[in-house]
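Working notes, beginning with the structure itself.
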Amino acid sequence: MTNPVLMRLGSNRGPQVADTDIAFMGLTDVAQAIAQRKISSLEVTQTCLQRIAQWQPSRKAFIRIDEEAAVAAARRADAQLAQRSFQPGPLHGVPLAHKDLFYRSGQVSTCGSLIRRDWRADTTATCLTRLDAAGALDLGTLNMSEFAGGPTGHNIHHGHCASAFHPDHIAGGSSSGSGVAVGAGLVFGALGTDTGGSIRLPASANGVLGLKPTYGRVSRYGVMPRAWSLDHVGVLARSAVDAARLMRLISGHDPLDATSIDQPVPDDGAGLGASVRGVRVGVPDVSALGGVEPGVQAMLETALDVLRDCGTQSQAVAIEDMTPLFRCAETIIKSEAASIHGPWLRERPQDYTPLFRSRTEAGLLIPATQYIDALRWRTQLSRHFMDTTMQGIDVLILPCMPYALPTIADSDVDRSGEAVRALIGRITMYTRPFNLLGLPVIQIPAGFCPAGLPWGFQLVGHPFQEGLLLRLAQHFMAQTPSMVRRPQL
């Protein structure tokens, strides 16, 4: 039977739009359709809730589903649009959901843990306040690795999150639910946090776009920290257009966050169609860096060919061993995490998973002098990287994950112990250094490996060049529509 809602949408969306499934409309498209009253917020919200009910048992994307509150909010949004004088915000009535470490006053924020299973926030994260002002709705809170401390999406407290494309494979972490929810069409976009790859890895594992902006671009006020000086708030979306809209809404100076940059927020969405001809893409010898499987190397070369077809210029660059960057970041993250979790480690050590507890307790053994040295080295390493590898190029291309998506069982450290630690340690080898450097990085989906699992690549930009990264993603994805698939239950 033909859905009259879809008929209404199809009549005005133009011949270029083949997707008539509400759940897989773009965030920007659905916001426009709601604002023009071609579709109601209630219809959109109910569609998302129906999909969540179908997908949640096998994927564990959500920690909490606020069905009743979401339906009530959607009804209010529709009622507001019925008032002629009402001016809707840019996301009016659009259902979203976010990683369960963004605080909302009066609501439980578990941070993916047992320790905070019943803890209620007394403040609201600035980025949520900004999305509220834009008219967005919340469907609940999304699953994540315990206290944002794992790259795979395992969580014994709330269920292991699984890739939207296969229930046996990891969802990536720590913003695991954000990646699955966007990839599976449960929400139209989501916020995540990234301390060592925690936006980019779930984006790669679920075939979506993930943007970690420049350090300080987005306020972290009201967000549970993993490591203060490495944490970034960013977005996961199915297109560059949608990511640009989310970024514009959540970015900007916040006096409540001392690390927030006081700099104008550009409208990156307005320039997505501009040419990328002549953009210089730095190409390192990844094989010399090691750890990358042949299939990932081939995927990277294919992506470069597409970018060249878009008009970019490839340029070989020297990139030194990134081990010093990785080790410096590791010292900082362990030290800061130990400071954050010190009281709970003393009072409730049994309530942590063994992996998170052991990694965090290790920070208690790091001398203050070593932590201070790492902060000092960070400045020197950043300056050296910009003066060498990034000199003379606009973006740097790298793999996101160095190998194809592993299974949940094969990467379960808590069950398999030391035998899996080496595998997990390698998963962030190309993501973590850029949290230390604070540079903007975008993860772009690049099709599927021979086993049918998604993978992608990263583009690293200069500070505050999110607009260029989004523009390159827009051109790449426009050239590769066959690389986009919908996951199936």
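Every read-out reported here was derived from the displayed coordinates using simple, explicitly stated rules and does not represent laboratory data. What you see is a predicted model, and the numbers here were worked out from it, not measured in a lab. Virtual Cβ from ideal backbone geometry, glycine too; neighbours counted across all protein chains shown.
How large is ³J(HN,Hα) for each residue in the stretch 327-341, as worked out from phi by the Karplus curve 6.51 cos²θ - 1.76 cosθ + 1.60 (θ = phi - 60°), to whole Hz, x for Gly and Pro?
Result, rounded to whole Hz: 5, 5, 5, 5, 5, 5, 5, 5, 5, 5, 5, 5, 5, 5, 9.
Expressed in nm to one decimal, what extension gain is obtained for the pair LEU114 and LEU423 from 0.36 nm per residue of sequence separation less their Cα-Cα distance? Intermediate values should be presented prior to the final figure.
Numbers: separation 309, 0.36 × 309 = 111.24 nm, distance 2.59 nm.
Full extension of this stretch gives 108.7 nm more.
Net charge near LEU81, counting Lys/Arg +1 and Asp/Glu -1 over other residues with Cβ under 13 Å of its Cβ?
Values: positive: ARG37, LYS38, ARG75, ARG76, ARG84; negative: GLU43, ASP78.
That works out to +3.
Taking other Cβ within 10 Å of each residue's Cβ, how do VAL281, VAL187 sort, fewest first? Working shown, then result.
Working: VAL281 22, VAL187 30.
In increasing order of surrounding Cβ atoms, one gets VAL281, VAL187.
Take the Cβ-Cβ distance between THR123 and GLU293 as r, set R0 to 51 Å, and report the resulting FRET efficiency rounded to the nearest 0.05. Walk me through the intermediate numbers first.
On the way: r = 44 Å, r/R0 = 0.86.
For R0 = 51 Å, the calculated efficiency reads 0.70.
Quick check for me: using +1 on Lys/Arg Cβ and -1 on Asp/Glu Cβ, what's the dipole size of the chain about its Cα centre, in debye to the nearest 20?
Details: 44 positive and 43 negative charges, 131 e Å.
Magnitude of the dipole: close to 620 debye.
Spelling out what I want: for every residue of the stretch 199-211, take phi, set θ = phi - 60°, compute 6.51 cos²θ - 1.76 cosθ + 1.60 (Karplus), and round to whole Hz; glycine and proline get x.
Computed from phi, the couplings for the stretch 199-211 are 9, 5, 5, x, 4, 5, 5, 10, x, 10, 8, x, 10 Hz.
Tell me the relative contact order for the chain as a rounded percent, counting alpha carbon contacts under 8 Å between residues six or more apart. List each step's numbers first, then the result.
Details: 1066 pairs, mean separation 75.6, N = 489.
Result for the chain is 15 percent.
Rank these for me by crowding, PHE385, PHE24, PHE86, PHE434, going from fewest to most other beta carbons within 10 Å. Display every interim value, and only then the final one.
On the way: PHE385 22, PHE24 16, PHE86 11, PHE434 27.
The most exposed by this proxy come first: PHE86, PHE24, PHE385, PHE434.
Estimate the FRET efficiency between GLU347 and ARG327 by the formula 1/(1 + (r/R0)^6), using the beta-carbon distance for r and 41 Å for R0, to the nearest 0.05. Present the calculation step by step, with values, prior to reporting the outcome.
Details: r = 30 Å, r/R0 = 0.74.
Plugging the Cβ-Cβ distance into 1/(1 + (r/R0)^6) gives 0.85.
Report, by chain and number, residues whose modeled amide H sits under 5 Å from the one on PHE62, excluding near sequence neighbours (fewer than 5 apart, same chain).
ASN143
Extension gain ASP262-ARG415, at 0.36 nm per residue separation less the Cα-Cα distance, in nm?
On the way: separation 153, 0.36 × 153 = 55.08 nm, distance 4.56 nm.
Result for the pair: 50.5 nm of gain on full extension.
Within a Cβ distance under 14 Å of VAL71, other residues only, what is the Lys/Arg minus Asp/Glu net charge?
Details: positive: ARG75, ARG76; negative: GLU43, ASP66, GLU67, GLU68, ASP78, ASP138.
Its environment carries a net charge of -4.
Pick out, from LEU230, ALA190, HIS154, the residue whose Cα sits farthest towards the positive end of the charge dipole of the stretch 144-286, with +1 on the Cβ of Lys and Arg and -1 on the Cβ of Asp and Glu.
It is ALA190, whose Cα lies furthest towards the positive end.
Hey, how much of the P(r) for the stretch 50-127 falls beyond 19 Å, as a percent of Cα pairs? Could the numbers behind the result be given before it?
Numbers: 1554 of 3003 pairs.
The calculated P(r) of the stretch 50-127 puts 52 percent of pairs beyond 19 Å.
Taking K and R as +1 and D and E as -1, what net charge do the other residues with C-beta under 15 Å from the C-beta of GLN56 add up to?
Numbers: positive: ARG51, ARG59, LYS60, ARG64; negative: ASP66, GLU67, ASP100.
Taking every other residue near GLN56 into account, the sum is +1.
Please list 3J(HN,Hα) in residue order for the stretch 97-111, calculated via the Karplus relation 6.51 cos²θ - 1.76 cosθ + 1.60 where θ = phi - 60°; whole Hz, with x for glycine and proline.
In residue order, the calculated couplings are 7, 9, 3, 7, 10, 8, 6, 10, 3, x, 9, 6, 10, 7, 6 Hz.
Just checking my list (1) 23.8, 79; (2) 21.2, 69; (3) 31.2, 101 against Rg and Dmax of the Cα atoms in Å computed from this structure; which label fits?
For Rg and Dmax of the Cα atoms in Å, the calculated option is (2).
Quick one: length gained pulling THR407 to ALA133 fully straight, 0.36 nm per residue minus the C-alpha distance?
Values: separation 274, 0.36 × 274 = 98.64 nm, distance 3.97 nm.
Fully extending the segment from THR407 to ALA133 adds 94.7 nm.
For the chain, build the charge dipole from Cβ charges (+1 Lys, Arg; -1 Asp, Glu) around the Cα centre, then report which of TYR103, PHE165, ILE34 sits farthest towards its positive end.
Checking the options against the dipole of the chain, the answer is ILE34.
Check the chain and count each lysine pair with an alpha-carbon distance under 27 angstrom, considering only pairs eight or more places apart or from different chains. Mind dumping the intermediate values first?
Values: LYS60/LYS99; LYS60/LYS212; LYS99/LYS212; LYS99/LYS334; LYS212/LYS334.
Final tally of qualifying lysine pairs is 5.
Once label points are set 7 Å from the Cα along Cα→Cβ at both ARG37 and ILE366, what is their separation, rounded to one decimal in nm?
So the two model labels end up 5.7 nm from each other.
Tell me, what is the percent relative contact order of the stretch 275-403, built from C-alpha pairs under 8 Å that lie six or more residues apart? Let's see the in-between values first.
On the way: 125 pairs, mean separation 56.7, N = 129.
This gives 44 percent for the stretch 275-403.
Just how large is the dipole of the stretch 59-217 about the Cα centre, in debye to the nearest 20, putting +1 at every Lys and Arg Cβ and -1 at every Asp and Glu Cβ?
Numbers: 15 positive and 12 negative charges, 54 e Å.
Dipole about the Cα centre, nearest 20: 260 debye.
Quick one: ARG426, ARG383, fewest Cβ neighbours within 10 Å first, how do they rank?
ARG383, ARG426
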